[in-house]
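To start, the structure itself, in C-alpha cells.
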Amino acid sequence: MSDHVSTVHTDEQTTTTTTTSSTAPADAESEGDSDAPTVTNGAEAVVAALRNAGVEHLFGVQGGAIMPVYDALYAERGLTHVTMAHEQGAAHAADAYGQLTGEPGVCMATSGPGATNLTTGLADADMDSDPVIALTGQVPTGLVGHDAFQETDTVGVTRPVTKSNYFADDSETVGDVVGEAYALAREGRPGPTLVDLPKDVTNGETDSVPGDPTLPEYHDIPQTAEGSAVEEAARALSGATRPLILSGGGVVKGNASEELREFALEHRIPVVTTMPGIGSFPEDHELALEWAGMHGTGYANMAISHCDCLLAIGTRFDDRLTGGIETFAPEAEIIHVDIDPSEISKNVHADYPLVGDAARVIEQLQAAMGEEPSAHQWREQCQTWKEAYPMTYATPEDEPLKPQFVVEAMDELTPDDAIVTTGVGQHQMWAAQYWTYTRPNAWISSHGLGTMGYGLPAAIGAKVAAPDRDVVCFDGDGSLLMTIEELSVAVREGLDITVIVLNNEAIGMVRQWQDAFFGQRRMASEYPWGPDFATLAEAFGAKGFTVREYENVPDTLEAAREYDGPSVVDAFIDPEENVYPMVSSGGNNAEFALSEDQL
C-alpha cells in the first residue's frame, strides 16, 4: 500500500488530499475471479479504473504522451473508443454522452495542443454542470517545467474550468486517482474533472489494482434541506396568489423531472423553465409557459415579472435568464433550491434558501405544503399572456424559407423521444422556441459558454449514448464550419444522425445585433462565400440534401431522416430573419421586443 498526495482543485478551494491505493488481495487470483483486471503498469491501472467505473465508451484523439493509455486499451474489449477528428469534438461528444447517460463522458487527448484543444469543451461542461472526465497525456515528470516537446501546464490551464483536476505522479496510485476524478465528475453538482498523466507514470510498473470510484473524504454532498427552512418556504408558496415554478438544468441533471411534474400538477402552479431546463416540464401541458430569458417566450417573461412567489429549482440565475437583476421578479419572494450552496444568493437574493438534491427537496416541499395556492385568477392571467404573445411567424410567398417552419416540420416527423442538439446562434434559439419538448434529456446544447460548433460532435456523443433514439442536429452555416470535420467520424462510425443547416450565409446572431445596436454595420458577420454543404456532405461520405422552397421541406426532411447513416440538409433560409422575442442585454424581462423597432 502506498499513499499519493495530489492537489485537488474544487469550486470552493484548493485542497490537499491523500488517496490510498487499492491493491488486490493476495487470494483474489486463487479464487479464480476471471473478471479481475490484470495490471502491470500505470496505463493498465488507468484502464482498470475506467472499467471499474462501468465506462463503455470513450472519445479521443491519439498522440505521443497519451499513447501508453491507448496501448492499454488495445486489448480491453469492454471499452469502445470513438476516434474523433479534433480534441474539442471529443470533449463535446463526451459532454453530450454524459448528459444523456448521467455518467461522466470520457475524453482523451495527448499533451500540449491535444490538452489545450480540450479546454473549450471542458469550459463548456463546467458552465453547464455536465459530467465529463478528461484524461490527458503529459511529458515525463523529469521533463515537466523544461519546455519539453508538446509540454503544457495542463493542470494550470484547466484549473479555472474544471470541478477538480489532478497531476498524477505515481504509477502505484494513478488508477485510484482516475477513479476519484470519475466520482467527483458524477456526484453532487456534476462537472468536468481532469487527470494529467505523465508518460513515465503510465509506463511505470505496478501491480496495484484500483478500487471502485470513491469520493475524497472531505467531499460532502447535501441531500435534504433543513426542515424548518422547508416549512417556511412551503408556507410562503401555499399563501401566494401568483406562484410560479422556475425549473432549471439542475432538475434534469438531478433526475427530478417527475417529482417536479407531480408537484406542479397537484398544486396547479404554472411552470417556466430556463434554457438548460428545457424538457424538465412538458411544454404541451396547459401549465407550461416554456422557457424564459433573453429569447424566451413573452408569456414566460411576463409571468416571472409579475409573480409574487418564485420557486426556483436548480438554476444559477445567469444574466441571459434574468436580464437586469434589479428588475427580475421584482414582486416575488424567492425560494431557491440548489445542491450547490455557493449558488444560493450569488446572483439573486434567496428569501428561502434550500440546499439539497432537487428531487429530495421537492419531496420535502410536497410533504410540507398546506392548501393549494389560491391562484385561479393567476392561471387565467398566464393564459391571457399566452394568447397575447403567441409564438407565431409569417411565411410570405415572396420571401425566402423561414427557419421556424423547418424546425416545426422536423418536429412533426420525429418521435417524442427524439434528441435535438444544436450549435450556438440564431438556429439554436429557433430550435429551442419552435420544437415542442415533452421530456428531459431531449435538448442538448451549449448554454453558459455559448460554444459555436457544439452541435455536430454533441450529436455524435448523443447517438453513441442513445443509439435507438432519433438524433437531429440543428446548426448554422457559421457554427457548423467550426467542427465540420467531425462529420467524418459520423460516417466512419455509421451513426444515423440528421444535420439540418439553417443557412443564412452569416453568423446570424452577430448580424442581428449589428443591425440593432451597431447601425447596421455588418462587419465580419456575413458569409456569402460558404461551401455547398450538401456537396461537402457527399465528399465526407454522408448523404447531402438541399432545400429552398416550402413545398419541398417535408419530403426532403423525411428523406434525410430515413437515410441509414449521417445526412446533411442545407436549408437556405431568409437571411434577414431575426430571433424574437428579445430582451436587450441587461434589460427588463417584461419589456421584451417583438421586432427590431421595439429594441
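Where a number appears in this text, it was derived from the coordinates with a stated rule and is not lab data. Note that the coordinates shown come from a computational prediction; the quantities given were computed from them, not determined experimentally. Cβ placement follows ideal geometry from the backbone for every residue including glycine, while neighbour counts extend to all protein chains displayed.
Across 10 Å bins from the origin, how do the percents of Cα pairs in segment 403-580 run, short distances first?
Taking every Cα pair in segment 403-580, the percentages come to 10, 42, 36, 10, 1.
Say a paramagnetic label sat at a point 7 Å from the Cα of ASP220, along Cα to Cβ; which residues of segment 330-362 have their backbone N under 15 Å from it?
Correct set: 340-342, 355-357.
If I stretch the segment between GLU56 and THR38 completely, what's the gain in nm (0.36 nm per residue apart, minus their alpha carbon distance), one decimal? Please report the intermediate quantities before stating the final value.
On the way: separation 18, 0.36 × 18 = 6.48 nm, distance 1.82 nm.
Stretched fully, the GLU56-THR38 segment lengthens by 4.7 nm.
Could you work out the Kirkwood radius for the chain, taking every pair of different alpha carbons, averaging 1/r and inverting it, reported in Å? Mind dumping the intermediate values first?
Numbers: mean 1/r = 0.0399 Å⁻¹.
Result for the chain stands at 25.0 Å.
Once you keep just the Cα pairs under 8 angstrom separated by 6 or more residues, what percentage relative contact order results for segment 403-580?
Details: 356 pairs, mean separation 40.2, N = 178.
Relative contact order here is 23 percent.
Around GLU399, with a cut-off of 14 angstrom between Cβ atoms, what is the net charge of the other residues, counting Lys and Arg +1 and Asp and Glu -1? Present the calculation step by step, with values, prior to reporting the outcome.
Values: positive: LYS402, ARG548; negative: GLU397, ASP398, GLU549, ASP574, GLU576, GLU577.
Net charge around GLU399: -4.
Listed highest first by mean packing, meaning other Cβ atoms within 10 Å per residue, what order do 74-81, 579-586 come in? Mind dumping the intermediate values first?
On the way: 74-81: 12.1, 579-586: 18.8.
Per-residue Cβ counts within 10 Å, averaged per peptide and sorted highest first, yield 579-586, 74-81.
Using all Cα-Cα distances in segment 227-388, what percent lands in each 5 angstrom bin from 0 up to the longest?
The distribution over segment 227-388 is 2, 10, 21, 26, 23, 14, 4, 0, 0, given as percents.
Sort the following peptides by mean Cβ neighbour count (other Cβ atoms within 10 Å, averaged over residues), highest first: 192-201, 534-543, 162-171.
Details: 192-201: 27.0, 534-543: 17.8, 162-171: 24.4.
Peptide ranking by packing, descending: 192-201, 162-171, 534-543.
Under 21 Å from the Cα of LYS463, which lysines turn up, not counting those fewer than eight places away in the same chain?
Excluding near neighbours in sequence, the set is LYS253, LYS543.
Net charge around THR80, counting only other residues with Cβ within less than 11 Å of its Cβ (Lys, Arg = +1; Asp, Glu = -1)? Don't skip to the end; give the middle numbers.
Values: positive: ARG77; negative: GLU56, GLU76, GLU493.
Cβ neighbours under 11 Å give a net charge of -2.
Tell me the Kirkwood hydrodynamic radius of segment 286-329 in angstroms, computed as one over the mean inverse distance between distinct C-alpha pairs. If you can, show how the numbers build up before the last one.
Working: mean 1/r = 0.0920 Å⁻¹.
Kirkwood radius, segment 286-329: 10.9 Å.
For each of GLU397, GLU387, count neighbouring Cβ atoms within 10 Å of the residue's Cβ, then give the residues from fewest to most. Write out the running numbers ahead of the final one.
Numbers: GLU397 5, GLU387 8.
Exposure proxy ranking, most exposed first: GLU397, GLU387.
Which value at 222 nm does the chain reach when only helices count, each DSSP H run of 4 or more adding -39,500 (n - 2.57), with the total divided by all residues and rounded to the nearest 500 deg cm²/dmol?
Working: 22 runs with 206 residues, N = 599.
Computed mean residue ellipticity for the chain: -10000 deg cm²/dmol.
If you rank THR214, THR38, THR322 by fewest surrounding Cβ atoms within 10 Å, what's the result? Display every interim value, and only then the final one.
On the way: THR214 17, THR38 11, THR322 22.
Fewest to most other Cβ atoms nearby, the residues stand as THR38, THR214, THR322.
Provide the net charge surrounding ALA240, with neighbours chosen by a C-beta distance below 14 Å and charges set as Lys +1, Arg +1, Asp -1, Glu -1. Don't skip to the answer; put the middle values down first.
On the way: positive: ARG235, ARG242, ARG268, ARG379; negative: GLU232, ASP308, GLU331, GLU333, ASP351, GLU371, GLU372.
Value of the local net charge: -3.
So if each residue of separation counts as 0.36 nm, and I subtract the Cα-Cα distance between GLU399 and THR327, what length gain in nm does that give? Walk me through the numbers before you get to the answer.
Working: separation 72, 0.36 × 72 = 25.92 nm, distance 3.78 nm.
Extending this stretch completely gives an extra 22.1 nm.
Mind checking the full-extension length gain between ASP496 and PHE517? Use 0.36 nm per residue of separation minus the Cα-Cα distance, one decimal, nm. Can you show the working numbers first?
Numbers: separation 21, 0.36 × 21 = 7.56 nm, distance 4.09 nm.
Taking ASP496 through PHE517 to full extension adds about 3.5 nm, to one decimal.
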